[in-house]
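Asks: This is the structure I have questions about; it appears just below.
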Amino acid sequence: MPLFAKRLFDLTAVILTAPLWLPLLGLIALLVRRKLGSPVFFRQRRPGFREVIFEMTKFRTMRDDRDETGRLMADDRRLTPFGKWLRSTSLDELPELINILKGEMSLVGPRPLLVQYLPRYSPTQRRRHEVPPGLTGWAQINGRNALSWEEKFALDVWYVDHRGFWLDLRILFRTVWQVVTRKGISSPGDATMPEFQSPRPSPTRES
């Protein structure tokens with residue numbers, strides 16, 4: 001599917017469903033404010049299409065608890081029961097619909113990861129940035145965070161090579177089932193996923 005057609009599909013789908021997700025967005029924002037305080041949103045710079053950096057927005061799911069040295073505690077120490085529920089239902093991802101409207105993301109594509117991962121990718125893994133990042137993707141419906149990094153990247157590149165309108169529809173419908181069953185929310189032993197480490201030394205990585 002050409003990128004302009006993918007963009008048109010994204011805009012049409014998000015705008016037509018706005019009467020459904022906008023009230024939900026407001027309700028969850030109120031709940032986050034009440035249970036976790038401010039800020040309501042978690043914003044972080046992520047690489048997007050062709051590795052252009054943008055600011056991705058999600059609902060906050062963690063407290064800002066710090067140890068005696070002032071460093072943030074581990075994710076599993078800061079993740080609240082309410083935050084776990086938001087993640088298990090994928091409702092924390094809802095604000096990314098705004099990123100889609102702005103053209104920074106797509107409904108379907110490889111998930112946008114951390115900026116510091118960029119120099120750690122192999123040439124093949126970097127191909128995941130040949131399409132816009134997605135709210136959901138091929139890796140998300142085939143294991144999500146229960147997959148290893150290598151498996152996720154292989155699925156991302158497979159999507160890049162096989163993307164199309166019908167595949168996107170298939171991914172969207174299966175995403176609904178994934179959310180309902182709440183499978184693959186976290187990697188075994190981690191609140192989400194362990195940090196991706198380069199399989200080889202990176203010349204830009206600090207020692």
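Asks: Give me the percent relative contact order of the chain, please, defined on Cα pairs under 8 angstrom at least 6 residues apart.
Replies: Value for the chain: 20 percent.
Asks: Ok, one more. Between region 46-102 and region 117-183, what is the separation of their alpha carbon centroids in Å?
Replies: 19
Asks: Under 17 Å from a point 7 Å along the Cα-to-Cβ line of Leu30: which residues of region 77-116 have their amide N that close?
Replies: none
Asks: At a threshold of 8 angstrom on Cα-Cα distance, excluding pairs fewer than six apart, so keeping six or more, what relative contact order does region 116-188 reach in percent?
Replies: Numbers: 49 pairs, mean separation 31.4, N = 73.
Answer for region 116-188 is 43 percent.
Asks: Applying 1/(1 + (r/R0)^6) with R0 = 35 Å to the Cβ-Cβ distance of Leu22 and Ser198, what FRET efficiency is obtained, to the nearest 0.05?
Replies: 0.30
Asks: From the square roots a ≥ b ≥ c of the eigenvalues of the alpha-carbon gyration tensor of region 1-109, which class results: rounded (a/c under 1.5), prolate (a/b over b/c), or oblate?
Replies: On the way: a/c = 2.87, a/b = 1.62, b/c = 1.77.
It comes out oblate by the Cα gyration axes.
Asks: Determine, for each peptide in 96-107, 37-48, the mean count of other beta carbons within 10 angstrom over its residues, then list the peptides with the highest first.
Replies: Numbers: 96-107: 19.6, 37-48: 14.7.
Packing proxy ranking, top to bottom: 96-107, 37-48.
Asks: Using a basic spin-label model with each label point 7 Å from the Cα along Cα→Cβ, how many nm lie between Phe4 and Arg50?
Replies: 1.6
Asks: Another question, then. Which is farthest toward the positive dipole end of the chain among Thr12, Gly134, Gln178, measuring Cα position about the Cα centre, with Cβ charges +1 (Lys, Arg) and -1 (Asp, Glu)?
Replies: So the residue furthest toward the plus end is Thr12.
Asks: Given [x] 1.07; [y] 0.97; [z] 1.03 as candidate values of Cα Rg over 2.2 N^0.38 Å, which corresponds to the one derived from the coordinates?
Replies: The value matching this structure is [z].
Asks: With n ≥ 4 as the cut-off for DSSP H runs, can you work out [θ] at 222 nm for the chain, using -39500 (n - 2.57) per run divided by the number of residues, rounded to the nearest 500?
Replies: About -12000 deg cm²/dmol.
No value in this document is a laboratory result; all are computed from the given coordinates. Not measured: the values here are computed from a predicted model. Glycine also receives a Cβ, built like all others from the backbone with ideal geometry; neighbour counts cover every protein chain displayed.
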